[in-house]
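Colleague: Can you read through this structure? Questions will come right after.
The values are calculated or read from the model by the stated rules, or taken from the named source; none is laboratory data. Fair warning: this is a prediction, and the values are worked out from it, not measured in the lab. Heads up, the Cβs are rebuilt from the backbone with ideal geometry, glycines too, and the neighbour counts pull from every protein chain shown.
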Amino acid sequence: MRAIYSPLAEYLVTQPDGVANKEALEKVKSATEAYWVQLWKQPEIAAEVLDSRQIDTFSLRKD
């Protein structure tokens, strides 16, 4: 996950006056989508942060 969020953080820190422009918001959206892709590839990690109802909602494999 660091590979996703570290470059994003480095980019956001360079934004003048802490104001996110459209490009910055698109980068945040892209990073968030990449995070979810990685999370769902690793259901055991998802299971650590979701409760059973959420897992059922997303049809994750339960052990």
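Colleague: Which of the residues that make up the range 17-30 are modelled with pLDDT under 85 and of a type in the set (Val, Ile, Thr)?
Modeller: Val19
Colleague: Follow-up question, since we're still on this one. Where in the chain are the helices (runs of 4 or more DSSP H), entirely inside, with at least 2 residues that are out of contact with any Cys (no Cβ under 8 Å at 6 or more places or on another chain) and in contact (Cβ under 8 Å) with a residue 60 or more places away in the chain?
Modeller: Details: elements: 2-13, 22-41, 43-49, 52-57.
In the chain, there are no helices (runs of 4 or more DSSP H) which contain 2 or more residues that are out of contact with any Cys (no Cβ under 8 Å at 6 or more places or on another chain) and in contact (Cβ under 8 Å) with a residue 60 or more places away in the chain.
Colleague: I want to confirm something. Restricting to the range 31-54 and keeping residues that are within 12 Å of the chain's Cα centre (by Cα) and at pLDDT 80 or above, which single residue is surrounded by the most Cβ atoms within 10 Å (Cβ to Cβ)? Before you say what the answer is, go through the steps one by one.
Modeller: Initial filter on the range 31-54 (within 12 Å of the chain's Cα centre (by Cα)): 31-40, 46.
Narrowing the set further to residues that are at pLDDT 80 or above leaves 31-38.
Values: Ala31: 18, Thr32: 13, Glu33: 11, Ala34: 15, Tyr35: 14, Trp36: 10, Val37: 10, Gln38: 14.
The selected residue is Ala31.
Colleague: Using the structure shown, decide if Thr57 is surrounded by 10 or more Cβ atoms within 10 Å (Cβ to Cβ) and either within 17 Å of the chain's Cα centre (by Cα) or not polar (S, T, N, Q) (or both). Write out each step before concluding.
Modeller: Numbers: surrounded by 10 or more Cβ atoms within 10 Å (Cβ to Cβ): yes; either within 17 Å of the chain's Cα centre (by Cα) or not polar (S, T, N, Q) (or both): no.
When the stated conditions are applied, Thr57 does not pass them.
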